[in-house]
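Colleague: I am attaching a structure below and will ask some questions about it afterwards.
The values are calculated or read from the model by the stated rules, or taken from the named source; none is laboratory data. Remember, it's a predicted structure, so these values are computed and weren't measured experimentally. Note that each Cβ is placed from the backbone with ideal geometry, even for glycine, and that neighbours are counted across all protein chains shown. Note: accessible area is taken over every heavy atom of the protein model, side chains too, but ligands, DNA and RNA are not part of it. Shrake-Rupley method; radii C 1.70, N 1.55, O 1.52, S 1.80 Å.
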Amino acid sequence: MSPPIAMRVFRHTDQTWFAKQSGDINPIHLDPLAARRTQAGEPAVHGMHAVLWALDSLVRAGWIAAPIATLRVQFKKFIYLGVEVTLTFFRRSESLLRVNLTAGELILATLTIGFGPPAASRAKLISRETACTVNPAVLELADLPGRAGQLPVIAPESLARSFEYADQWLGPLRIGALAQLSTLVGVVCPGLHSIFDGLTVGFVATDG
């Protein structure tokens, strides 16, 4: 077994900081009473906060030294406050790096990072409507088909400073976009009753 790449314990202050930075104010992360009534049972760490910490730690430790083209994350277990989270190596090839976030023997999440230049953007704008709510939306399955919109642009500079190593290969716009995935799922759609299961991202060329 390879030695840990990095370790961290997330605290409530980390929750409130990331909620402010990303916009994900879902009570599963912030309110012990509300979280008790969810599948988590108690406040759970924002998954994207853990992902950004992992990416930052990998660059800092020298495991990432090339542009990132793709990112796939599978969240397997809730990450809880006060629990030591360990970033561990799993598999590596010339084009891919796979790592786990663990707590003891439990695998909490798996990250698969693909290396290469960002692709040229071919995405078409689905909607110009701003998709945001003051509070987490309460949507049923029947409400989901056809929903589209844009999230308000956040200022990513503070996030980039906090993840300064990851910023070297991602840049502030991509770091901000990754953070906003938390808001997309936990606030906008599906919103209040959502559980972030995983993501697959292909990075495209930007000016930032």
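Colleague: Please verify whether region 123-132 includes one or more residues that are exposed (fewer than 14 other Cβ atoms within 10 Å of the Cβ), of a type in the set (Lys, Arg) and out of contact with any Leu (no Cβ under 9 Å at 6 or more places or on another chain).
Modeller: Yes: region 123-132 contains one or more residues that are exposed (fewer than 14 other Cβ atoms within 10 Å of the Cβ), of a type in the set (Lys, Arg) and out of contact with any Leu (no Cβ under 9 Å at 6 or more places or on another chain).
Colleague: Just to be sure I understand the filter: pairs with C-beta atoms under 7 Å, separated by 6 or more residues or on different chains, first member in region 176-203 and free of Cβ contacts under 8 Å to residues at least 24 places away in the same chain, second member open to solvent by less than 50 Å² (accessible area, probe 1.4 Å) and part of a helix (DSSP H, G or I). Which pairs pass?
Modeller: Qualifying pairs under 7 Å: Gly176/Leu159.
Colleague: What is the one condition in (1) part of a helix (DSSP H, G or I); (2) open to solvent by 30 Å² or more (accessible area, probe 1.4 Å); (3) farther than 21 Å from Leu170 by Cβ; (4) in contact (Cβ under 8 Å) with a residue 24 or more places away in the chain that Leu33 does not satisfy?
Modeller: Unmet condition: (4).
Colleague: Okay, moving on. What pairs can you find where one residue is in region 81-98 and free of Cβ contacts under 8 Å to residues at least 24 places away in the same chain, the other is aliphatic (A, V, I, L, M) and part of a strand (DSSP E or B), and their Cβ atoms are less than 8 Å apart, with a gap of 6+ or different chains?
Modeller: Hits for this filter: Phe90/Val99; Arg91/Leu97; Leu96/Ile113; Arg98/Leu111; Arg98/Ile113.
Colleague: Could you list, in sequence order, the residues of region 36-65 that are under 14 Å from Ile79 (Cβ atoms), of a type in the set (A, V, I, L, M) and crowded, with 20+ Cβ neighbours inside 10 Å?
Modeller: The answer is Ala44, Val45, Met48, Ala50, Val51, Leu52, Ala54.
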